[in-house]
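Read the figures in this text as sums done on the coordinates, not as results from a lab. Computed from a prediction, not measured in an experiment: that's the story for all the values here. FYI the Cβ positions are ideal-geometry reconstructions off the backbone, even for glycines, and counts take in every protein chain you see.
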Amino acid sequence: MSTFGLIGTITSDHITDDSGPRYRGLGGILYQAAVLCGLNEDVFLHANCGEELRADIEPLTRDWKTLRRDGLNFVPGAGNRVFLHYSERFKEREEVLESHVPPLEPTRILGTLSSLDMLLMVFNSGFDVTLSDWRSIVDRTTCPIWLDVHSLVLAKKLHAHREYISVPEWRDYVRGVSYLQANRQEVASLLGHPERWPDAEEISGFVHEAFKIGVRAVFVTMGKEGVQAATPRESRTVRAPAANRVVDTTGCGDVFCAKTMQLLALDIPVFEAAEEGVELASRAVGLAGIRETYDMTRRGEGI
C-alpha cells in the first residue's frame, strides 16, 4: 500500500448535452480518490466542501476504508456548483460555475507531507489554493508531486461561461513538480493562445520547457486519441482502446491520473504506467459518477 495526498475541490456537477440532462452528482477530486481507494491505497484527502454537500459525501465515501477525512473541511453554503455542457459545437465542454468555496489553507496539508509517497494537486475550480500557498506546499514536499492544471486556465468568474485564458505565470505553478498533466486546450492557454489548439511542434516545445524546470514526465491528454506521454528521453502516444459504449467522459482524465500515479509510486516505468492508466480511463467512459468509478476499480482489482 502506498500513501497519497490529494489536494483539490469536491464539486457538485450538473452535466447536460444537446439532448438534455446527462448526469447530476458529486465530482472533482473525488474521482481520483475513488480510484485510489478502490485500488486499496491510503489517501489523505484535502478539500473545502460546501456544507450542503455533506449529506451526499458522507454516505458515498463511508465504505472507502483507506480514505483519511481529516483534511475535509465543510464550509457554509452550496459549495462548488458546476454546470457542464457538452456539444458538437465546442472543442471543449462549456462550464459555468454558480458558487465556490474559499481556497484551502495549507496548515493541515503541511502536517501530512512527511508520510506521503506522492502528492496530487488538481485545480478543480481554479479557486482551490492561492499561488503563494501552493508554493509553500511545494517547497516543503519531499515526495514526487503530480499537478493537473485543469481549471487553472479558466476565467475566475461566476454565473457565466468561463472562457479559457492565458496563464503567463504557469512556470511558477509547475516548478518543483515531478509529473504534469494537461489537455490540448489547457496547453494552449499555458502557451498564451487559448483561442486555438497547439500543433505538434508547439506541444513539443511546451513539454521541453517543462523539462527545463525539472518536470520528469508530461502527460497531454487527447480524449479518444489517447495520451501523449513524454520524458526527457522519449515521447509516445498511448492509444486508448475502443470503448464499447460512451456514457460520460467526465472524470476520465482523473481516472487516468489516479491509476498512472499509483503505478509510478511503485516505480513502474512511465510509459507502462500510462498504458494502464489509459486502459482504465477507457473503461470509465462506459459509466457515470463517483460511485460507479469506485465500484469499477474495485471489481477490476478483484478486491
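At a glance:
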{"quantity": "Separation between Cα centres of the stretch 161-239 and the stretch 1-54, rounded to whole Å", "calculated": "23"}
{"quantity": "Within the chain, longest stretch clear of exposed GluC sites (Glu not before Pro) (DSSP loop, no more than 11 other Cβ within 10 Å)", "calculated": "1-87"}
{"quantity": "Net charge over other residues, Cβ less than 12 angstrom from the Cβ of residue 138 (K, R count +1; D, E count -1)", "calculated": "0"}
{"quantity": "The stretch 3-301 - share of DSSP beta bridges that are antiparallel (%, nearest 5)", "calculated": "40"}
{"quantity": "Calculated Cα extents along the principal axes in Å (choose from (i) 56, 40, 38; (ii) 48, 46, 41; (iii) 64, 49, 37), label", "calculated": "(ii)"}
{"quantity": "Cleavage-rule hits, trypsin sites (Lys or Arg not before Pro), the stretch 170-220, DSSP coil, Cβ neighbours within 10 Å at most 12", "calculated": "196"}
{"quantity": "Antiparallel DSSP beta bridges within the stretch 56-211, as percent of all bridges there, nearest 5", "calculated": "50"}
{"quantity": "Within straight-line cross-link reach of residue 65, aspartates and glutamates at Cα separation under 12 Å, skipping those fewer than 8 residues along the same chain", "calculated": "41, 42"}
{"quantity": "Under the Karplus curve 6.51 cos²θ - 1.76 cosθ + 1.60, θ = phi - 60°, whole-Hz ³J(HN,Hα) for the stretch 137-147, x wherever Gly or Pro sits", "calculated": "5, 4, 5, 9, 9, 9, 8, x, 10, 10, 10"}
